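Worksheet for the structure shown next.
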Amino acid sequence: MKIALLFVLFTAFSLSAQPAYEKADSIAKTFSESYTNAADLAQKLVRPFHREEEKARVIFAWIGHNIRYDVKKYKDPPPRPRVTGRTPQELSENIQKWEENELKNTLRNKKGVCADYSRLFQAMCDAVRLECATVTGISRKPSGRAGSDHAWNAVKIGGQWRLLDATWGAGYVDDDDERFVRRYTPAFFFTPPSFFIIHHLPEDDKWQLLEKPVSKKQFTAQPMVDFSNPEFPLEAFIPENGKITPANGKAEIRLKFGKIPEVFVVAAGKTRELPAQLLKKDDGWVVLAFSPGRASEISVFVGKSRRKTMLLAEFSVE
């Protein structure tokens, strides 16, 4: 998103360690063989790995690099055929055949919608004995407040459930021209539940993996925060409830990054720049101090240059 604003600049530096999944990501990216059988593909992919989390990662990464989101199918979904059977066993077998056919189509065409991504991830995990669940619910895009039906996965690693979204891990749909933009996004792999709930609300509360479940009303009232930018991974933010409470006309937003952006801007709404003072600390936190004036909503943009920035977060002002 381009915006004509004055920016605060400072030298970027990184506090993050080397990625833990370099080997898995590298193999997934260069694995170019074509398959129509999800089990065969999964078994070949995980062969170099022994740890459960690496197996899950190489599957996630392969899907992210190879399966495109099918915008046409999303906008005009084909009717699902009625699967029948004379007995419960026959019905179960016919449903399994239909799902296997859908998996083959996803792999053959290398595209699908969220149901196809989550079904593929599930099948590949099943094939390599990773305990996996498909989760359904609603989602909010990092760049907007609209909610829609969605599907993602949870996988059990070392006895603990972890959350991931293989669809969002592959890229995003540009709202302006409704086209899929491929961008492998590791931030949606094993996302901490406290971050995942910002954009994903499961139908079953247990899949929030939170001590205190979030209601639908609380879900939609949360701040919009995009932690998925691979260049500037956001690790934490304050205020966590998204509500800025000024004191004597002054306010602060605190952000912690794995790699700090070169450019920051604070804006009233999305367009009017607010003068802001930027402070950086050795522990990775960035503090943005500003006067919100009469603004009811504050936006924070980040980027690598003056010419182009991306919306990072939106906060409300109490």
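In sequence order, region 102-116 has phi-based couplings of 5, 4, 4, 5, 4, 6, 5, 8, 6, 7, x, 9, 4, 4, 6 Hz under the Karplus curve 6.51 cos²θ - 1.76 cosθ + 1.60, θ = phi - 60°, and Gly or Pro positions carry x. Summary of packing: across the peptides 162-170, 192-200, 178-186, the per-residue average of other C-beta atoms within 10 Å ranks them, highest first, as 162-170, 192-200, 178-186. Scaling the Cα radius of gyration of region 169-243 by the globular reference 2.2 N^0.38 Å produces a ratio of 1.20. Amide H contacts for Val286 (H built 1.01 Å from N in the peptide plane; partners 5 or more residues away or on another chain; cut-off under 5 Å): Leu255, Lys256, Phe257.
Here's how it looks for Leu274: its modeled amide H is under 5 Å from those of Val266, Ala267, Ala268, which are all 5 or more places away or on a different chain.
As a rough footprinting exposure proxy, the listed residues Lys308, Lys156 were ranked by other beta carbons within 10 Å of their own, and the order from fewest upward is Lys308, Lys156. Applied to region 269-278, the Karplus parametrisation 6.51 cos²θ - 1.76 cosθ + 1.60 on θ = phi - 60° returns per-residue 3J(HN,Hα) values of x, 10, 10, 9, 5, 10, x, 9, 9, 10 Hz, with x for Gly and Pro.
Measuring nothing but alpha carbons in region 154-313 and taking Rh as the Kirkwood radius, the Rg to Rh ratio lands at 0.98. Counting neighbouring beta carbons within 10 Å and listing from fewest to most, the residues Trp285, Trp62, Trp152 come out as Trp285, Trp62, Trp152.
Using R0 = 22 Å, the C-beta based FRET efficiency linking Asp175 and Thr136 works out to 0.45. With R₀ set to 25 Å, the beta-carbon distance separating Lys217 from Glu297 gives a calculated FRET efficiency near 0.85.
The separation of region 41-83 from region 279-312, counted between C-alpha centres, amounts to 35 Å. Working note: Karplus 6.51/-1.76/1.60 with θ = phi - 60° gives region 284-298 the couplings x, 7, 10, 10, 10, 10, 7, 10, x, x, 9, 5, 9, 9, 10 Hz, where Gly and Pro are set to x. For Lys111, nonlocal amide neighbours, meaning residues 5 or more places apart or on other chains whose placed amide H falls under 5 Å from its own, are Arg68.
Every read-out reported here was derived from the displayed coordinates using simple, explicitly stated rules and does not represent laboratory data. All figures in this text were calculated on a predicted structure; none of them were measured in a lab. In this analysis, Cβ positions are derived from the backbone assuming ideal geometry, glycine residues included, and neighbour counts consider all displayed protein chains.
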